[in-house]
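Read the figures in this text as sums done on the coordinates, not as results from a lab. A quick note: this is a predicted structure, and the numbers were derived from the prediction, not measured. With ideal geometry, Cβ positions are generated from the backbone for all residues, glycine too; neighbour counts draw on all protein chains shown.
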Amino acid sequence: MSRLISDRSADAVLNESFLELRAKLLEVAATLDRIDRAGTTQPATSATANRRSQIQGAIEVLLSGEPDRAATLQQLFSREYQPDWRTEMKL
Amino acid sequence: MDYIDPHIHMVSRTTDDYATLARMGCVAMSEPAFWAGYDRGSVDGFRDYFRQLTEVEPRRAAQFGIQHFTWLCINAKEAENVSLSRDVIAMIPEFIDAPNVLGIGEIGLNKNTKNEATVFLEHIDLAMKFNQLILIHTPHLEDKYQGTRMILDMLTSDSRIDPSRVLVDHVEEHTIGEVLDRGFWAGMTLYPVTKCTPERAADMIERFGGQRLLANSAGDWGPSKPTAVPDLIFELRRRGHQESLIRKVVYDNPIAFFSQSKNFHFLPRR
């Protein structure tokens with residue numbers, strides 16, 4: 001894999017992205033607050049519980065400090081691949 | 001900078017959009033056949049649509065100096081109707097020699113079902129029979145990873161298929177590596193919410209380089225931005241990347257891939 005690095009330093013990238021990143025984090029925080037405020041009127045469905053779990057997992061990925069967070073998040077939100085799908089579908 | 005949008009659905013866009021695209025530097029585009037927002041009821045519905053793609057849109061584009069190319073298929077969302085799909089596949093050869101047809105597409109999967117896979121394989125047969133390029137649609141959101149892997153399984157298990165003649169579209173961070181590693185071309189779709197932003201596309205270019213990588217807007221009837229490719233150009237410039245790299249992704253690569261079709265007679269601006 002080739003990596004094309006522009007001339008910018010990590011500090012420069014952080015500084016130019018800071019306000020946008022701050023705004024996106026605030027959107028996440030406000031959305032989580034909104035969900036909490038809405039309260040619970042009925043038991044969560046398994047689909048809803050799964051989505052809550054995915055969001056929680058995604059936040060943990062962001063905090064992990066590991067590289068390739070975007071790809072890891074994409075995998076977290078993806079259905080699992082079954083290598084024997086052709087056999088299962090009889091194709 | 002002159003650029004080519006390799007995946008845009010102009011039947012859904014206004015003539016004003018053609019004018020705007022021309023002013024933004026778009027000199028050519030390719031329009032895959034896709035879902036109309038509703039399931040069509042007959043093969044004649046598709047016959048009319050293919051006339052629009054091969055006769056009407058090239059004329060509309062030409063008014064603004066844009067060269068229009070297209071791809072033919074029945075899309076994955078309508079592939080659940082296997083009987084209709086087979087009728088459409090049987091009808092496609094009526095249009096395959098139209099002067100702006102580059103190949104079969106956008107074919108692929110939507111919900112990764114058996115019917116979709118069946119129709120996908122029959123499209124592949126058609127493409128091989130008529131020696132056509134292939135343009136692939138990969139599914140959205142949680143279905144993308146599984147569907148992309150299934151599509152790659154089907155493509156790589158067919159010895160007739162040359163990966164350099166296949167463009168796999170809508171790649172994202174978790175699918176781009178495998179598509180490129182297996183020798184296919186990869187298209188990044190700059191589409192709000194469900195696909196990729198110009199910033200993330202620029203990240204992928206930085207990570208994977210510009211080889212066999214294209215960028216498109218997939219502008220259609222949904223929330224989409226037909227001028228998204230110029231947004232990517234400006235993002236790459238903002239990061240200080242060389243014009244040669246930007247030009248490779250938005251101009252040279254589409255030309256290189258499309259030039260494998262006998263119908264791609266592109267006239268660069270003088």
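Look at the stretch B:140-152: the mean tally of other chain Cβ atoms within 10 Å of its residues' Cβ atoms is 4. One decimal place: the segment B:Ala256-B:Glu142 gains 37.9 nm when fully extended, by the rule 0.36 nm per residue minus the C-alpha distance. In percent, rounded to a whole number, the relative contact order of chain B is 19, using alpha-carbon pairs under 8 Å and six or more apart. Dipole size of the stretch B:102-260 about its Cα centre, with +1 on Lys/Arg Cβ and -1 on Asp/Glu Cβ: approximately 260 debye, rounded to the nearest 20.
Simple point charges give the picture: +1 on the Cβ of Lys and Arg, -1 on the Cβ of Asp and Glu, and for the protein assembly as shown a dipole about the Cα centre of about 380 debye. The gain in end-to-end length when the A:Arg51 to A:Glu66 segment is fully stretched comes to 3.2 nm, 0.36 nm per residue minus the alpha carbon separation. Extension gain for the segment B:Trp221 to B:Arg237, taken as residue separation times 0.36 nm less the Cα-Cα distance, is 2.8 nm to one decimal. Across the protein assembly as shown, the volume of the C-alpha convex hull divided among the residues equals 160 Å³ per residue. The Cα-based radius of gyration and maximum Cα-Cα distance (Dmax) for chain A are 18.9, 54 Å. Residues B:Tyr191, B:Tyr49, A:Tyr81, B:Tyr38, arranged from fewest to most other Cβ atoms within 10 angstrom of their Cβ, appear as B:Tyr38, A:Tyr81, B:Tyr49, B:Tyr191. Going from the residue with the fewest nearby Cβ atoms within 10 Å to the one with the most, A:Trp85, B:Trp221 rank B:Trp221, A:Trp85. In this Cβ point-charge picture (+1 for Lys and Arg, -1 for Asp and Glu), chain B has a dipole of about 660 debye about its Cα centre. For chain B, the Kirkwood hydrodynamic radius comes to 18.3 Å, computed from all pairs of different C-alpha atoms.
Fewest-first ordering of B:Phe257, B:Phe130 by other beta carbons within 10 Å of each residue's beta carbon gives B:Phe130, B:Phe257. Translational diffusion of the stretch B:10-93, estimated by Stokes-Einstein from the Kirkwood radius over alpha carbon pairs at 4 °C in a medium of 1.567 mPa s, is 95 µm² per second.
Over chain B, DSSP H runs of length four or greater, each weighted -39,500 (n - 2.57), average out per residue to a 222 nm ellipticity of -11000 deg cm²/dmol. Computed from the C-beta positions of B:Arg160 and B:Thr14, the FRET efficiency with R₀ = 41 Å rounds to 0.50.
Restricting the stretch B:157-209 to trypsin sites (Lys or Arg not before Pro) that sit in a DSSP loop and have at most 16 other Cβ atoms within 10 Å of their own Cβ leaves B:Arg160, B:Arg182.
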